[in-house]
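The values are calculated or read from the model by the stated rules, or taken from the named source; none is laboratory data. Computed from a predicted model, the values in this text were never measured in an experiment. Ligands, DNA and RNA are stripped out before the accessible areas are found, and what is left, the full protein with its side chains, is counted by its heavy atoms. Shrake-Rupley method; radii C 1.70, N 1.55, O 1.52, S 1.80 Å.
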Amino acid sequence: MKKLLLLSILSLTISAQAQIGTSTQLGGENSKWTFGGSAGLGGSFGSNNGGTSIYVSPRIGYKLTESLEAGIVSDLTWTNAKYYSSNTIGVGPFMNYYIARNFYLSGMFQEYFFNQKNKVTNVKYSGDEAALYFGGGYMQRIGDRAYMQIGGMYNVLYKKDDSVFGSGFVPSVGVVFGL
């Protein structure tokens, strides 16, 4: 299962990079399509709960106007620690409003599907959870029609005692091509 998930994440990453690399050739200067996303690798080491996390979030969007973009985003997370492991897949629509190409406001709905395993008791748990995020951030131009986005979002559906997530706030750093 772990090898299959890791292979899937790697395939999606390569696929996203291939789309980004060919967007200039296919769309040209006047293309309304945007591509991008974010990825991360995390880990904690030591005697407590040492483990590893891999996160990939590719996205594709379409510019409805020069300042308004809508699209779809997915999230894939794999976590393996000393006492537990989990896999999470999320997918849903997003909308961004750009303010002078320096700032953005964002809304996103995600439906998450997850599998978790307690390695001590061997208990497995699967489920799903909806999230509705609102937020925004700062954009920095890093190339021709390419921007780095740095910001944060808050899940307004988050319930502290009834969520698989540790917090409703999600910081974000990503890259968008085609703006």
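Observations on the structure shown:
- Over all pairs of different C-alpha atoms in the range 103-179, the reciprocal of the mean inverse distance, the Kirkwood hydrodynamic radius, equals 14.6 Å.
- For the range 52-148, the ratio of Cα radius of gyration to the globular rule of thumb 2.2 N^0.38 Å stands at 1.36.
- Carbon/sulfur fraction of accessible area - the range 34-126, other protein chains in place, 1.4 Å, %: 63 percent
- In Å², nearest 10: area of Val176 left accessible to a 1.4 Å probe: 0 Å²
- Surface analysis of the range 127-179 yields an accessible area of 56 Å² per residue, using protein heavy atoms and a 1.4 Å probe.
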